[in-house]
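J.: First, the structure itself, so that you have it in front of you.
The values are calculated or read from the model by the stated rules, or taken from the named source; none is laboratory data. None of the values given here were measured: they were computed from a predicted structure. Because the Cβ atoms are built from the backbone with ideal geometry, glycine has one as well, and the counts that use them run over all protein chains shown.
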């Protein structure tokens, strides 16, 4: 059965797209059939997968508006050995254009039903906002992964996101659940980071992934080469951490 995971946090700069790209590559390296859906108008997951957002013709924008079948947008065998539904700046206008469309919150879910059987995992990289695009991601998913930095403001935003997930579950997607909270850009020398990490584990228990993603220069460099870190420096701490995360998810 295909597992669909929305990777989301309304706070920007928490490693959401880094997680989407590198988890996709790590799961693919484990022999799983993976599709990554870029649902962010910034299209960083598209670029990080080695696809030029300036030249791509058919994107998730066309799929959401019903102008193209999802098969027409699919790019197979990216640099990370997974398939991709790309995005570009056109997606920024989709929210307004979708307002009057039927089942506007379920457009992505409906589209994915046509190809879901081709994959073991579908990862959805949601934009850093609680908008109609994110709602489409949450309605299509069975579970949510929340990447977050261990800092004070991250805890403030987390409560808003958890409440949003509860509302989506109540109104649109009863099966939606929180898969886990992922600690990213973690520096064990930072006392505040340790304190926030302890609070997360105290309040969320086994919903916090055991794997911790460290702050790592190779992770920051890899998107500039259009590569997941696994294919930029396989022995880096960042690459090893995402391989460990993939193993934790597969073993769950």
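Conditions (1) modelled with pLDDT of 95 or more; (2) buried (at least 16 other Cβ atoms within 10 Å of the Cβ); (3) over 19 Å from the mean Cα position of the chain (by Cα); (4) part of a strand (DSSP E or B), marked per residue:
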site	(1), (2), (3), (4)
101	no, no, yes, no
109	yes, yes, no, no
114	yes, no, yes, no
123	yes, yes, no, yes
133	yes, yes, no, no
136	yes, yes, no, no
145	yes, yes, no, yes
154	no, yes, no, no
158	no, yes, no, no
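J.: Let me ask something else about it. With respect to residue 78, determine if the residue is part of a loop (DSSP other than H, G, I, E, B), in contact (Cβ under 8 Å) with a residue 24 or more places away in the chain and touching a strand residue (DSSP E or B) at 6+ places or on another chain (Cβ under 7 Å).
T.: When the stated conditions are applied, residue 78 passes them.
J.: Run down 72, 24 and say which single residue is modelled with pLDDT of 95 or more and within 22 Å of residue 238 (Cα to Cα).
T.: None of the others qualify; the one that does is 24.
J.: Right, next: So how many residues does region 228-248 have that are touching a strand residue (DSSP E or B) at 6+ places or on another chain (Cβ under 8 Å) and buried (at least 18 other Cβ atoms within 10 Å of the Cβ)?
T.: Count: 4.
J.: Something else now. Could you list, in sequence order, the residues of region 76-96 that are in contact with a helix residue (DSSP H, G or I) (Cβ under 6 Å, 6 or more places away or on another chain), surrounded by 20 or more Cβ atoms within 10 Å (Cβ to Cβ) and over 18 Å from residue 22 (Cβ atoms)?
T.: Matches in region 76-96: 91, 94.
J.: Here are some conditions: (1) assigned to a loop (DSSP other than H, G, I, E, B); (2) under 14 Å from the mean Cα position of the chain (by Cα); (3) in contact (Cβ under 8 Å) with a residue 60 or more places away in the chain. Residue 87 meets all but one. Which one does it not meet?
T.: (3)
J.: If residue 128 satisfies all but one of (1) in a strand (DSSP E or B); (2) modelled with pLDDT under 95, what's the number of the condition it fails?
T.: Tallying (1) in a strand (DSSP E or B); (2) modelled with pLDDT under 95, residue 128 fails exactly one: (1).
J.: Pick from region 59-75 the residues that are touching a residue at least 24 places away in the same chain (Cβ under 8 Å) and more than 17 Å from residue 136 (Cα to Cα): which of them is surrounded by the fewest Cβ atoms within 10 Å (Cβ to Cβ)?
T.: 71
J.: Still on this model: Which of the residues that make up region 176-199 are within 24 Å of residue 246 (Cβ to Cβ) and either over 23 Å from the mean Cα position of the chain (by Cα) or crowded, with 19+ Cβ neighbours inside 10 Å (or both)?
T.: Scanning region 176-199 gives 176, 179, 180, 181, 182, 183, 184, 185, 186, 188, 193.
J.: Only one of 144, 196, 168 is in contact (Cβ under 8 Å) with a residue 24 or more places away in the chain and touching a strand residue (DSSP E or B) at 6+ places or on another chain (Cβ under 6 Å); which?
T.: Step by step, each of 144, 196, 168 is checked, and only 144 is in contact (Cβ under 8 Å) with a residue 24 or more places away in the chain and touching a strand residue (DSSP E or B) at 6+ places or on another chain (Cβ under 6 Å).
J.: Could you tell me which numbered condition residue 216 fails, if it satisfies all but one of (1) closer than 29 Å to residue 133 by Cα; (2) buried (at least 18 other Cβ atoms within 10 Å of the Cβ)?
T.: Looking at each condition in turn, residue 216 falls short on (1).
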